1. How large a share of the accessible area of region 4-128, in percent, is made up of carbon and sulfur atoms when the probe is 1.4 Å and the other protein chains stay in place?
2. Give the Rg (one decimal place) followed by the Dmax (whole number) of region 4-128, computed from C-alpha coordinates and expressed in Å.
3. Over all Cα pairs of the chain, how is the pair count split among 20 Å bins, expressed in % and running from 0 up to the last occupied bin?
4. Residue separation times 0.36 nm, minus the C-alpha to C-alpha distance between Gln171 and Thr207: what's the value?
5. Quick one: work out the % antiparallel among DSSP beta bridges in region 193-339, nearest 5.
6. Which order do peptides 242-254, 314-326 fall in by mean Cβ count within 10 Å, highest first?
7. When DSSP beta bridges are limited to those with both residues in the chain, what percentage is antiparallel, rounded to the nearest 5?
8. If the cut-off is 17 Å between C-alpha atoms, which aspartates and glutamates fall inside it for Lys100, apart from same-chain ones fewer than 8 positions away?
Amino acid sequence: MQTLRTTSLEVRDNQLWILDQQALPQQQNWLPAHTVAQLVDHIHALRVRGAPLIGLSASLLLALLGEQGVARSALAEALEVLRAARPTAVNLMNNLDRMKIALAESDHVTALSAEALRLVAEDKLLCDNIARAGSALVKPGSQLLTHCNTGGLATAGVGTALGVIAHAHQQGLVSNVWVDETRPLLQGGRLTAWELGELNIPYQLITDSMAASLMARGVVDAIWVGADRIAANGDVANKIGTYSLAVLAHYHGIPFYVAAPHTTLDRLCPNGDAIPIEQRAASEVTGVSGSFGSVQWAPENAAVYNPAFDVTPADLISGWVLDTGVVTPEQVKEGIFQP
Ligand SMILES: CSC[C@@H](O)[C@@H](O)C(=O)COP(=O)(O)O
């Protein structure tokens, strides 16, 4: 396969490499993702993360394994193992559905490579379209608040919600970005802060619990988040903490926007209750670990509840900003996301 490089994925010497998103921003380590076991381990550990990126990494690896001569039956098994790597983000399943069709073609090796490269190229375009559609909603001088990481690290392009913010900033519309640190794994504090710094976009990092008082002070003009799955009724699963922001935004009369590619839409999922929510290890809540090592502050054997995502009901969402344009609450109520 041709050499390919995004912010956090690389195909070099016919092998897949990933930028370790757990070591960022202190270290920029490119790690091999040459086997299914390696990639699944990276996905579990969130070294590869973000709904679009998970799907793209799995598709590229399948294509590369095909080129290396792995048998069609073994590729089919690999596809199912990859599909189960993370349950909430539907982009993984959507991308692998397309790879499965390629796998069934007579020249499956060529078809898999072409499809994986097409998915990467498409994702870049989807991000650009989302950024353009979303920035039209940003008012001059805005202070925007975002949660988790939805930038170039999480996609093959400029990102989703963060792509909107970056595009709006280029147009001179953004005066400040409030970055939720995003407990427990700190994707905001580590990754979004790093990306905004690289892009020279002014931001201030806050702990998640500070968002309410900022809204009460009137210094948040809009909230922009990504999505891991959008159900047919418009409910959205996204990083834990998103729902609290939506409730706060509703109370304070602040617009709350979800930005995502159409690959995040699951028309067959009727509502948020039907979205599988990943439960994660207790150690993520009892302490913190990273390139600096590990610290635990909770008592040994503390009982922990650690869902990775929550569901924001459609009623709290002001607009779904897709690559196809802005979808309004009225359109969602009329059934635009229904099958
Ligand atoms: C463009 S990324 C969209 C979502 O995947 C993002 O908002 C998010 O919740 C990521 O969660 P993560 O657990 O870091 O993969």
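The values are calculated or read from the model by the stated rules, or taken from the named source; none is laboratory data. None of these values were measured; they are calculated from a predicted model. Cβ coordinates were reconstructed from backbone atoms using ideal geometry, including for glycine residues, and neighbour counts include every protein chain displayed. With ligands, DNA and RNA removed, areas are computed over all heavy atoms of the protein, side chains included. Shrake-Rupley method; radii C 1.70, N 1.55, O 1.52, S 1.80 Å.
1. Working: 2580 of 4680 Å².
The value for region 4-128 is 55 percent carbon and sulfur by accessible area.
2. Gyration radius and largest Cα-Cα distance of region 4-128: 13.4, 46 Å.
3. Final binned percentages: 32, 59, 9, 0.
4. Details: separation 36, 0.36 × 36 = 12.96 nm, distance 2.79 nm.
Length gained, Gln171 through Thr207: 10.2 nm.
5. Given both bridge residues lie in region 193-339, the antiparallel proportion sits at roughly 65 percent.
6. Numbers: 242-254: 18.3, 314-326: 20.5.
Those peptides, ordered most packed to least, come out 314-326, 242-254.
7. Details: 23 of 43 bridges.
Of all bridge pairs located within the chain, approximately 55 percent are antiparallel.
8. Lys100 reaches Glu67, Glu77, Glu80, Glu115.
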